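The structure under discussion appears below in the form of structure tokens.
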Amino acid sequence: MSKAYLNWSSGKDAAYALYLLQQEKKIKVGKLVTTINAEVNRISMHGVRLALLQKQAESLQLPLHIISLDGNVSMNEYNAVMQKSIDLLKAEGFTHSIFGDIFLEDLRSYREEQLHKVGIKAVFPLWRMDTAQLMREFISAGFKAITVCVNAKLLDESFCGKIIDQQFLKDLPSHIDPCGENGEFHSFVFDGPNFKFPVEFEKGEIIKRSFVQKEKKEDNCFTNKETSWDTEFWYCDLIPK
């Protein structure tokens, strides 16, 4: 059986990809890999506290490989850190890298190309699934998730800090992808059929943050493209109990 690590954002797509692979039992997921902003000890982009990420991994009964990066890391530093992490994972026998991408062709091609260079095969369990159906299955399976980051140009503040359920899906504007696959929103999964126990938290404040700078294309492992951010996000702070 192939040994894989999962690029773990703490959100619904990564959680459902893990669940499907565990059901199929064709690829063994042996580790979660997450990038955090070392200056604030929070998951990159999602803004979830490190303590909650650690509780999540504990509940899923999987070891966690954390990649720590400074908030303003240079591209050279970023590439060096990512290469070191890949080398460590390969030395542990990992041959496959799992992603929760659904339909972004350019991102998939980029991931496959970069990982092929270092001898890792990229795997996409959710690829080309209907996103509305995917969300219905996610909820029906018993997963529980909350939105933690919302693109303020696409959704208003009321969608931040909301439990993702059938009502949430009904309330989404028609132009918003049900999975937020175009970056409309990001989530934190706190319970599900493969969780040993729920991850407990309290909702903290909701704040708006602006980004007007160049950043690496979002994700957790081996991406070094740059994209220009000029937008605002609503963030809901989750406080561990």
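Considering only protein heavy atoms and a probe of 1.4 Å, how much of the accessible area of the stretch 91-213 is carbon and sulfur, as a whole percent?
Values: 2860 of 5900 Å².
C and S atoms contribute 48 percent here.
How charged is the neighbourhood of Y235? Take every other residue with its Cβ under 11 Å from the Cβ of Y235, and add Lys/Arg as +1 and Asp/Glu as -1. Working shown, then result.
Details: positive: R42, K208, R209; negative: E157, E205, E232, D237.
Neighbour charge sum, excluding Y235 itself: -1.
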Notebook entry, point to check: Using only the Cα atoms, what convex hull volume per residue in Å³ does the stretch 52-133 have?
Noted result: 148
Note to self: Among 56-66, 100-110, how do they line up by average Cβ neighbours within 10 Å per residue, starting with the highest?
What the structure shows: 56-66, 100-110
Next item on the list: Taking only Cα atoms and a 10 Å spring cutoff, compute GNM fluctuations for the chain and point out the largest among F188, F99, F124.
Entry: F124
Item checked: Cα coordinate range in the stretch 94-181, projected on the principal axes (Å, largest first) -> 43, 31, 20
Next item on the list: Filter the trypsin sites (Lys or Arg not before Pro) in the stretch 1-90 to those in DSSP coil with at most 16 other Cβ atoms within 10 Å of their Cβ, and list the result.
Entry: K25, K26
Notebook entry, point to check: Given the chain, what percent of its DSSP beta bridges are antiparallel, to the nearest 5?
Noted result: 60
Checklist line | For the chain, the fraction of alpha-carbon pairs in successive 10 Å shells from zero, as % | finding: 7, 33, 40, 18, 1
Notebook entry, point to check: Counting Lys +1, Arg +1, Asp -1, Glu -1, what net charge surrounds A145 among other residues with beta carbon under 12 Å of its beta carbon?
Noted result: 0
Notebook entry, point to check: If all Cα-Cα distances of the stretch 8-72 are sorted into 5 Å bins from 0 onward, what percent lands in each bin, rounded to whole numbers?
Noted result: 4, 18, 29, 23, 14, 8, 3, 1
Check: Got a sec? Charge dipole of the stretch 1-135, +1 on Cβ for Lys and Arg, -1 for Asp and Glu; which of H46, M82, S97 is way out at the positive end?
Finding: S97
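What is the stretch 75-161's relative contact order, in percent, from Cα pairs under 8 angstrom and six or more apart in sequence?
On the way: 52 pairs, mean separation 20.2, N = 87.
Relative CO of the stretch 75-161 lands at 23 percent.
Taking the Cα centre of the chain as origin and charging only Cβ (+1 Lys, Arg; -1 Asp, Glu), how large is the dipole, in debye to the nearest 20?
Working: 30 positive and 33 negative charges, 166 e Å.
That gives a dipole near 800 debye.
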Next item on the list: Have a look at S109, I139, L69 and report the one farthest towards the positive end of the charge dipole of the stretch 63-208, computed about the Cα centre with Cβ charges (Lys/Arg +1, Asp/Glu -1).
Entry: S109
Notebook entry, point to check: When the helix-only estimate is applied to the chain (DSSP H runs of n ≥ 4, each -39,500 (n - 2.57), divided by the residue count), what is the mean residue ellipticity at 222 nm, nearest 500 deg cm²/dmol?
Noted result: -9000 deg cm²/dmol
Checklist line | Solvent-accessible area per residue, Å², over the chain with all protein chains present [probe radius 1.4 Å] | finding: 47
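The values are calculated or read from the model by the stated rules, or taken from the named source; none is laboratory data. A quick note: this is a predicted structure, and the numbers were derived from the prediction, not measured. Heads up, the Cβs are rebuilt from the backbone with ideal geometry, glycines too, and the neighbour counts pull from every protein chain shown. In case anyone asks, the SASA skips ligands and DNA or RNA and just uses the protein heavy atoms, side chains included. Shrake-Rupley method; radii C 1.70, N 1.55, O 1.52, S 1.80 Å.
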